[in-house]
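Input: a single structure, listed below in structure tokens.
The values are calculated or read from the model by the stated rules, or taken from the named source; none is laboratory data. Computed from a prediction, not measured in an experiment: that's the story for all the values here. As a convention, Cβ positions derive from the backbone with ideal geometry for all residues, glycine included, and neighbour counts pool all protein chains shown.
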Amino acid sequence: MPTQVSVIIPTFRRPDGLRRAADSVLAQANPCGLSIELIIVDNDPDGSAMAQGQAIAKEAAVPVKVVHMPSPGVANARNAGLDASSGELIAFLDDDEEAPVTWLCELVGSLRFYDADVVFGPVRTRLPDSVTAHREYYSQFFARSGPEESGHIDHYHGCGNSLIRREALPSDQPFDAARNDIGGEDDLLFAQMQAIGAVFAWSAEAWVWEDPLTHRASLNYTLKRAFAYGQGPSVACASSRPVNLPGLVFWMCVGAAQAVVYGSAAAVLWAVGAPQRARMLDKAVRGLGKVFWGGPFSLGFYGTAALRGQAAAS
């Protein structure tokens, strides 16, 4: 029996990105004899991607399932994709990513060779030519880097461009719905898996492109995301039961020190117009996120928060 792989693409109002991502999955070279299915999860309450997904399914040479998850939220979308999938291996590709033809076989090969439960691959940023200011910073911000060689790793990355062994998942609905608006549902899952002994690996050859939307290549967006990323360790300590108070205090102290040190450096670099100024400001903002992590400081980028943001912009 060939290895069954389900590739899940959650999507929210990105028709161009969805088409590009789906086409790259359907174009995969398959010398390793995989049985591939594509799962498209439309997370728009209006079902805006359903017709496009069905058109993709009609053209495809492999099974394609199109699922409508009307309850907005990144965890809801990922869980819906898992529910619809049948593969023993689950690959996640975001709707702003594009995979080269060797991507899936590289991921599966690494998972088999390193006997891993989860494999992560690099992400390379592909910015529009119109983005000129802070271009190097944005390229690094949206990218994912790792070791030059494939092998075991002792940490985890995000869900986009990953391959998971289904039997290693802790439940049938492993993504926490409490993270629907704020994200980090993948970090929480992989932390849980790590705690119960999951094996992680890095596949240096299984890279994908990421095409950020033009409005995201701006400090207004990336610094908000940096603040939210910085909140992660503090939120994790505060959310544990019982609350990890020593850990929370530790991360808040670390964040305060980072905000002061990196903030001071950013001020100097900004004054002289140094190329590294945006990156240094990013580090300072991540430090602030560790200090101001809850209540009115919580930021939403997905789910109902995304719907509110689009309604305000229209």
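Structure notes:
- SER139 passes every criterion in (1) at pLDDT 95 or above; (2) crowded, with 19+ Cβ neighbours inside 10 Å apart from (2).
- Restricting attention to the range 10-36, the residues that are closer than 23 Å to GLU185 by Cβ and either crowded, with 20+ Cβ neighbours inside 10 Å or more than 21 Å from the chain's Cα centre (by Cα) (or both) add up to 8.
One line per residue, one yes/no per condition, for (1) part of a loop (DSSP other than H, G, I, E, B); (2) within 24 Å of the chain's Cα centre (by Cα); (3) farther than 26 Å from SER130 by Cα:
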residue: MET193; (1), (2), (3): no, yes, yes
residue: ALA198; (1), (2), (3): yes, yes, yes
residue: TYR221; (1), (2), (3): no, yes, no
residue: GLN231; (1), (2), (3): no, yes, yes
residue: SER234; (1), (2), (3): no, yes, yes
residue: ALA257; (1), (2), (3): no, no, yes
residue: GLY263; (1), (2), (3): no, no, yes
residue: VAL285; (1), (2), (3): no, yes, no
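- Each residue in the range 50-65 was checked for being surrounded by 13 or more Cβ atoms within 10 Å (Cβ to Cβ) and outside any helix (DSSP H, G or I), and 5 of them qualify.
- Residue match in the range 105-112 (condition: in the same structural domain as PHE200 (by TED's automatic domain parsing), assigned to a loop (DSSP other than H, G, I, E, B) and over 21 Å from HIS215 (Cβ atoms)): no
- Enumeration of residues in the range 232-287 that are among the β-branched types (Val, Ile, Thr) and either at pLDDT below 95 or farther than 23 Å from GLY184 by Cα (or both): VAL235, VAL243, VAL260, VAL261, VAL268, VAL272
- The range 70-86, residues that are in a loop (DSSP other than H, G, I, E, B) and surrounded by 22 or more Cβ atoms within 10 Å (Cβ to Cβ): GLY73, SER85
- Residue list for the range 145-164, filter: buried (at least 18 other Cβ atoms within 10 Å of the Cβ) and either of a type in the set (Asp, Glu) or not in a loop (DSSP other than H, G, I, E, B) (or both): ILE153, SER162, LEU163, ILE164
- Restricting the range 169-190 to residues that are out of contact with any Asp or Glu (no Cβ under 6 Å at 6 or more places or on another chain), crowded, with 16+ Cβ neighbours inside 10 Å and at pLDDT 85 or above, the residue that is nearest to ASP154 (Cα to Cα): PHE190
- Note on the range 15-36: among residues that are outside any helix (DSSP H, G or I) and out of contact with any helix residue (DSSP H, G or I) (no Cβ under 9 Å at 6 or more places or on another chain), the one that is nearest to ASP96 (Cα to Cα) is ALA27.
- Any chance ASP115 is assigned to a loop (DSSP other than H, G, I, E, B), within 14 Å of THR11 (Cβ to Cβ) and either touching a residue at least 24 places away in the same chain (Cβ under 8 Å) or not hydroxyl-bearing (Ser, Thr, Tyr) (or both): no
- Checking each residue in the range 37-49 for being assigned to a strand (DSSP E or B) and over 16 Å from SER6 (Cβ atoms) picks out only ASP42.
- Only one of the numbered conditions (1) more than 25 Å from TYR138 (Cα to Cα); (2) touching a Ser or Thr at 6+ places or on another chain (Cβ under 6 Å); (3) not aromatic (Phe, Trp, Tyr); (4) not in a strand (DSSP E or B) is not met by ALA204, and that is (1).
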